[in-house]
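Have a look at the structure below before the remarks.
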Amino acid sequence: MGIQEERAELERALAGQTICTALAETAQRHGDLPAYSDRVDGEWKTLTWAETRTRALETAAGFAALGLEPGDVVALMMPNRSEHVLADLGAVHAGGTPTTVYATLAPDQVAFVAGDCSAKYAVLNGKDQLDRWEPVLDRLPGLRKIIVVEAADCPSGDRYMTWDDFAELGRRELAANAAEIDRRWKAVKPGDTVTLLYTSGTTGNPKGVLITHSMVLHEAAMVRRSSVLPDHPTGVSYLPFAHIADRVLSYYLPVRIASHIHFCPDPAQLTSVLPQVRPHSFFGVPRVWEKIMAGIQAVLSAEQDEAKKQAVAAALDAGRAYVQAQEFGNTLTPEITAAFEKANEAVLTPMRAMLGLDRVVQASSAAAPLPVDVARFFAGLGLKIFDAYGMTETTGAITANLSDSFKLGTVGRPFAGVELKLADDGEILVRGATCTPGYLGRPEATAELIDEDGWIHTGDVGRLDEDGFLTIVDRKKELIITAGGENIAPSMIENHLKEHPLIGQALAFGDRRPYVVALITLDGEVAPVWAAAHGIDTTDLAALAENPLVLEEIAKAVEDANTRLARVQQVKKWRLLPTEWTAESEELTPTLKLKRRVVHAKYAEAIDALYAQ
């Protein structure tokens, strides 16, 4: 079947459907199944799918009672919790447009996003979120009502309302005007906007990406068709709903297939939540997988029993061989299978169980290419991480590695119905049913994104191999062009550096300069463990960044990375910084990607000093 036929088949299957109709069908067919669980005082509190839909309709009625008109924007700033999904569903069922705002935004950034989309309502979690909104409320005169989930944090005044009062208003309004709410959600069309998501702003102000009901349902269908998940799988939601990946995996897809999602509002608690939930699927951006890997490596390196270390090393070798044998074009032999099964039973399954990943049948990564050494490490645990590729403008993944066709180090092949090609300069071009119609109020930016033939210009440079597997080289605008005219992908250098568990982040620089230099930060979780194992009695990162043993180890890491790089790509000089980079300190986006312009500006003197030495 050709690409056009595949797309047409999917469009026929989804004709006329919206998230509202999908939720109604799931609530009718699977109403008693668990939908969303929150951990309250150590215990899980669960909504069924029938309860989720009832609460969604009540929330829609609450918004209607507050005066929401079709098309009005509702801004959401909350961690991952049931109220977040209910507020989103309620806005959609009332005919409104929800937009989740990254919880790390500074007040000026909040003012920009809320002003750009003319938000009429906001649902905020509590004090931290209020502290980001209240300083700029005078710049948002169109904001009619602010609903606060944590009642104790809700200010007084007509502009504010607690979530409990809002929910009670919705219950009364639905009881009195059920027909009006019924009319509203049935009036929603597949081409209507289901959410407005803002890009993470790696280059300038964020842009509002229009995403329709049809787009998210096509994405959910493509993901489901390519997955090996059981019926009604269990998952964990911990990444922000401002990020398209978790919206698809923890919201839109579950609405279609009646998954059971457990919320982890604080990603720092993930290590305690995963063993409780034991999900069937787990998605992590590369930095999440890197941190899990670094934690395991720190524990393994601290093991004193040599026999245990050798047993674990042998088991990891068996796991790597097993996964490698299943890669596209390779052959899985009975001997490799037998060795893996023995290692899996004795060592690997218990190791995965400690992490809470022993039931995972689908592990995935996206947002940036997963370094191949990280993929190989988890292959050693018997865990195949399927790297995918997509962007907000394509409603998430458009290519992925699949259980029956994968190559580690690539982002797989296009989903059924997705057209993908490379431009003359290597830029990845995409066309399909999940592609956005454009940016909110930005016709010039939309024209740059989508050409006259409907191809989305991703801004990413890729390479297709002879089997159709895509590898991401780098962002088109982030390629380093040295003074000697060499084109260098900084992310490749950075990924090699970050393979050392001590290194948290790295930035390679060399644009219009004679050679490449690097800024490096320590991993805040691994560095203290490594220091203790090496007899260093401080956990302070600034002190560790000056410690001779730490500097010696970082020098080895740079040297090791350089051995795998061409001469023009090698890091000639580097500096270890005394702080971490975070979304709060603005060097990283909320999805943990480097904001290169911010780092270049913030550390300009440090970079210049490396060239002045």
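The values are calculated or read from the model by the stated rules, or taken from the named source; none is laboratory data. Note that the structure is predicted; figures quoted are calculated from it, not measured. No Cβ is skipped: glycine too gets one built from the backbone with ideal geometry, and neighbour counts run over all protein chains shown.
Values as computed for the structure displayed
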item: Residue within segment 225-246 that is under 18 Å from Ala433 (Cβ atoms), at pLDDT 95 or above and not in a loop (DSSP other than H, G, I, E, B) present; result: no
item: Ala561 being farther than 29 Å from Tyr238 by Cβ, in a helix (DSSP H, G or I), out of contact with any Asp or Glu (no Cβ under 9 Å at 6 or more places or on another chain) and among the small types (Gly, Ala, Ser); result: no
item: Every pair of residues 6+ apart whose Cβ atoms lie under 6 Å, when the first sits in segment 494-514 and is under 15 Å from Ala557 (Cβ atoms) while the second is part of a loop (DSSP other than H, G, I, E, B) and modelled with pLDDT under 90; result: Asn495/Pro371; His496/Arg564
item: Among residues of segment 431-461, those that are over 23 Å from Val194 (Cβ atoms) and in contact with a Phe, Trp or Tyr (Cβ under 7 Å, 6 or more places away or on another chain), counted; result: 0
item: Options Pro286, Pro371; residue that is touching a His at 6+ places or on another chain (Cβ under 9 Å) and either surrounded by 22 or more Cβ atoms within 10 Å (Cβ to Cβ) or among the polar types (S, T, N, Q) (or both); result: Pro371
item: Residue ranges of strands (runs of 3 or more DSSP E) in segment 59-178 with at least 2 members touching a residue at least 12 places away in the same chain (Cβ under 8 Å) and farther than 26 Å from Glu584 by Cα; result: 160-162
item: Residue in segment 179-194 that is nearest to Val110 (Cα to Cα), counting only those that are touching a helix residue (DSSP H, G or I) at 6+ places or on another chain (Cβ under 7 Å), in contact (Cβ under 8 Å) with a residue 24 or more places away in the chain and not acidic (Asp, Glu); result: Val194
item: Residue within segment 191-200 that is small (Gly, Ala, Ser), under 23 Å from Val411 (Cβ atoms) and surrounded by fewer than 23 Cβ atoms within 10 Å (Cβ to Cβ) present; result: yes
item: Options Ile336, Ile296; residue that is surrounded by 17 or more Cβ atoms within 10 Å (Cβ to Cβ) and farther than 16 Å from Ile385 by Cβ; result: Ile336
item: Candidates Pro233, Pro265, Pro240 - the one that is buried (at least 23 other Cβ atoms within 10 Å of the Cβ), out of contact with any Leu (no Cβ under 8 Å at 6 or more places or on another chain) and either assigned by TED's automatic domain parsing to the domain that holds Ala75 or in contact (Cβ under 8 Å) with a residue 12 or more places away in the chain (or both); result: Pro240
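Quick grid of which residues meet (1) at pLDDT 95 or above; (2) outside any helix (DSSP H, G or I):
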| site | (1), (2) |
| --- | --- |
| Ser301 | no, no |
| Leu316 | yes, no |
| Ala339 | yes, no |
| Lys342 | yes, no |
| Leu348 | yes, no |
| Met354 | no, no |
| Arg359 | yes, yes |
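A quick yes/no check of all residues on (1) within 24 Å of Ala368 (Cβ to Cβ); (2) surrounded by fewer than 20 Cβ atoms within 10 Å (Cβ to Cβ):
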residue	(1), (2)
Asp537	no, yes
Leu544	no, no
Glu552	no, yes
Asn562	yes, yes
Ala566	yes, yes
Ala583	yes, yes
Tyr603	yes, yes
Asp608	no, yes
